[in-house]
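S.K.: Could you have a look at this structure, given as structure tokens, before my questions?
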Amino acid sequence: MPRKRIAVVGLGYVGLPLACLFAEKGFGAIGIDTDAAKVDLVGRGQSPFPGKEPGLAELLCKVVRDGRLVATSDLEECGKAKAVFICVDTPIDEDKCPVLDFLKKAVGDVGKELRNGMLVSVESTLPPGTMQKVVIPLLEKSSGLKAGRNFFILYCPERINPGRSIESLKKNERVIGSIDSRSLKKGLEYYSAITEAELHPTDLLTAEIVKTVENAYRDVQIAFANEVALVCEELGADAYEVRRLVNTSPFRDMHFPGSGVGGHCLTKDSWLLASALPEKCPPLISAARAINDSMPDHLASLATEALRETGRRARGSKITILGLAFRRDLGDTRNSPALPILDRFRRIAQVAVHDPYAQGSRGLSVVRDVYAALEGSDCAIFVTDHSEYGSMDLGRMAKVMRTRIIVDGRNIFDAEECRRRGFVYKGIGKGERVSSSSRSA
Ligand SMILES: NC(=O)c1ccc[n+]([C@@H]2O[C@H](COP(=O)([O-])OP(=O)(O)OC[C@H]3O[C@@H](n4cnc5c(N)ncnc54)[C@H](O)[C@@H]3O)[C@@H](O)[C@H]2O)c1
């Protein structure tokens, strides 16, 4: 018999692994999602996520087969649970403002099923202040119960690493924001069952700020690396070598530059943080977002420049974009840097897209064979560093491509080797003057 029933609302990249893990630990897990296709797949024990996610597909299959995880679209089912974990998406709109519609709908529906003694833990990333201003009032209004007195409430932001979700759920330390000591005690019972790592108690607001700050901090660090990459390109230096040497100095931890920041989190969590101060947008955070958002366009400009050097123009050329997913070996294309590059070229050039995992959408087809995608191509733009790109055969590329151009957004190739093989090579952070002088040295 299962220990206790829990419900997870939102079976996305965060909610599904969480539900699986609770089921593995002996809880009876009810997975709830408004997306009927996702519910159908999960109910059959199949992961809806393409790409490498070690352990998830096997675990999902097992817990569904054993009847320890069931999937449904019926929000009323959460009334059968002792604890409900809310993991719905919290995106931003075109004006960078938080869209809390999914959260409000989920919270309102959970509130209708709330009973005395239940625990509600929100794991979605939130603009600071949302628990006190939105979640708790909505739960109290729709349930007629009082937070702290009749039900327990937590904010326990997720720290899952895409591509390592099960491992990171078990191993990553977590911050638990609670309304009072009783809620905290109740929450620790559940979270200590699924995680081996330390759990750090705090209040709701601090936990909300911590989550958005940890992602804003990473975004700023990446933006700094990107800024250095642009400087190195101007000066004719290699930003990757600069980074390696900078990091030999104590207390330095410079990040890698690259073709841009994608995914559901880093692209919006800075704005969730900033939204808490509508009159005073923190300048460093917004500058970092602007730098990272400009990188795909910069990569596309390197491609245009390379085409020009070979006497071609983008118009009428065949351009191959390699890596539609936003991160190595995943199939997740949300806010991928490949998308603006695709938009820039698809109106004027013939564009082929390769990705080992990502699905096409918006009338876009994705080629699975990398050399087929490069057939007759004038320019190969590597946006994502999928593992298979690390072992590309330059000789075969040279044979199948019409024009030998490599534009490298992720430091995948050795610039000198590419040039020796007759390619025009351009890369983020790869200044050319030093490369040519070291060639002649
Ligand atoms: N993906 C990550 O790596 C990651 C890491 C840490 C935190 N987060 C945060 O966790 C949250 C979820 O992210 P995600 O990547 O899992 O999103 P996702 O889009 O993959 O999943 C969200 C799911 O919620 C479902 N949903 C939306 N409204 C619903 C409702 N009212 N009732 C039931 N289901 C509903 C959607 O159909 C979707 O399947 C976000 O706030 C995100 O910022 C994500």
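S.K.: Kindly express, to the nearest 10 degrees and within the range 0 to 90, the angle between helix 283-309's C-alpha long axis and the longest C-alpha principal axis of the chain.
M.R.: Orientation of helix 283-309: about 30 degrees from the principal axis.
S.K.: What residue among Pro162, Pro98, Pro250 has the largest mean-square fluctuation in a Gaussian network model of the chain, using Cα springs under 10 Å?
M.R.: Of Pro162, Pro98, Pro250, the most mobile in the Gaussian network model is Pro250.
S.K.: Projected onto the charge dipole of the range 1-145 (+1 at Lys/Arg Cβ, -1 at Asp/Glu Cβ, origin at the Cα centre), which of Gln132, Val42, Leu145 gives the Cα projection farthest towards the positive end?
M.R.: Checked the options; the winner is Leu145.
S.K.: In the neighborhood of Arg3, defined by Cβ-to-Cβ distances under 15 Å, what is the net charge if each Lys or Arg adds +1 and each Asp or Glu adds -1? Intermediate results must be reported in sequence, preceding the final value.
M.R.: Values: positive: Lys4, Arg5, Lys25, Arg68, Lys80, Lys82, Lys186; negative: Glu24, Asp66, Glu189.
Once all neighbours under 15 Å are counted, the net charge is +4.
S.K.: How far, in degrees from 0 to 90, does helix 15-24 lean away from the longest principal axis of the Cα atoms of the chain, to the nearest 10?
M.R.: Helix 15-24 and the main axis of the chain meet at about 60 degrees.
S.K.: I need the Debye-formula profile for the chain: one equal scatterer per C-alpha, no solvent, reported as log10 I(q)/I(0) at q = 0.07, 0.13 1/Å, two decimals.
M.R.: Cα-only, vacuum Debye calculation for the chain: -0.40, -1.13.
S.K.: How would you classify the range 153-199 from its alpha-carbon gyration tensor, with a ≥ b ≥ c the square roots of the eigenvalues: rounded for a/c under 1.5, else prolate if a/b is greater than b/c, otherwise oblate?
M.R.: Judged from the Cα gyration tensor, the range 153-199 comes out prolate (a/c at least 1.5, a/b above b/c).
S.K.: Where does helix 204-235 land angle-wise versus the long Cα axis of the chain, in degrees 0 to 90, nearest 10?
M.R.: 0 degrees
S.K.: Could you check the spin-label model distance between Phe224 and Ser365? Points 7 Å from the Cα along Cα→Cβ, value in nm.
M.R.: Taking the simple label geometry, Phe224 and Ser365 are separated by 4.6 nm.
S.K.: Rounded, prolate or oblate for the range 5-202? Axes are the square roots of the Cα gyration tensor eigenvalues, ordered a ≥ b ≥ c, and the cut-off for rounded is a/c under 1.5. Write down the numbers at each step before the final one.
M.R.: Values: a/c = 1.36, a/b = 1.31, b/c = 1.04.
Rounded shape, in that the Cα axes give a/c under 1.5.
S.K.: While we're here: Calculate for the chain the 222 nm mean residue ellipticity that helices alone would give, adding -39,500 (n - 2.57) per DSSP H run of length 4 or more and normalising by residue count, nearest 500 deg cm²/dmol.
M.R.: On the way: 16 runs with 183 residues, N = 441.
Only helices count here, giving -12500 deg cm²/dmol.
S.K.: Next question. Place a +1 charge on the Cβ of each Lys and Arg in the chain and a -1 charge on the Cβ of each Asp and Glu, then give the dipole magnitude about the Cα centre in debye, rounded to the nearest 20. Each step should come with its number before you reach the end.
M.R.: Details: 62 positive and 57 negative charges, 91 e Å.
It works out to roughly 440 debye.
S.K.: Further question on the same structure: Between Cys87, Cys156, Cys61, where does the largest GNM mean-square fluctuation fall for the chain, given springs only between Cα atoms within less than 10 Å?
M.R.: Cys61
S.K.: Using only C-alpha atoms and all pairs of different ones, pull out the Kirkwood radius for the range 217-440 in Å with one decimal.
M.R.: Details: mean 1/r = 0.0557 Å⁻¹.
It works out to 18.0 Å.
S.K.: Here is a follow-up. Just in the range 247-349: which GluC sites (Glu not before Pro) are loop by DSSP and have at most 16 other Cβ atoms within 10 Å? Please report the intermediate quantities before stating the final value.
M.R.: Numbers: sites: Glu279, Glu305, Glu309; in loops: Glu279.
Counting only loop positions with at most 16 other Cβ atoms within 10 Å, the GluC sites (Glu not before Pro) in the range 247-349 are Glu279.
S.K.: Where in the range 203-231 does the label zone of Ser249 land, with the point 7 angstrom along Cα→C-beta and an amide N cut-off under 18 Å?
M.R.: Taking a point 7 Å out along Cα→Cβ of Ser249, the residues of the range 203-231 whose backbone N falls under 18 Å are 221-231.
S.K.: For the range 46-130, what does the alpha-carbon gyration tensor say about shape, rounded, prolate or oblate, given a ≥ b ≥ c as the root eigenvalues, a/c under 1.5 as rounded, and a/b over b/c as prolate? Show your work: numbers first, answer last.
M.R.: Working: a/c = 2.40, a/b = 1.20, b/c = 2.00.
Oblate shape, in that a/c is at least 1.5 and b/c is the bigger or equal ratio.
Computed from the coordinates by the stated procedures, all read-outs in this text should not be read as laboratory data. What you see is a predicted model; the values in this text were computed from it and never measured. Quick reminder, even Gly has a Cβ in these numbers, built from the backbone with ideal geometry, and neighbours come from all protein chains shown.
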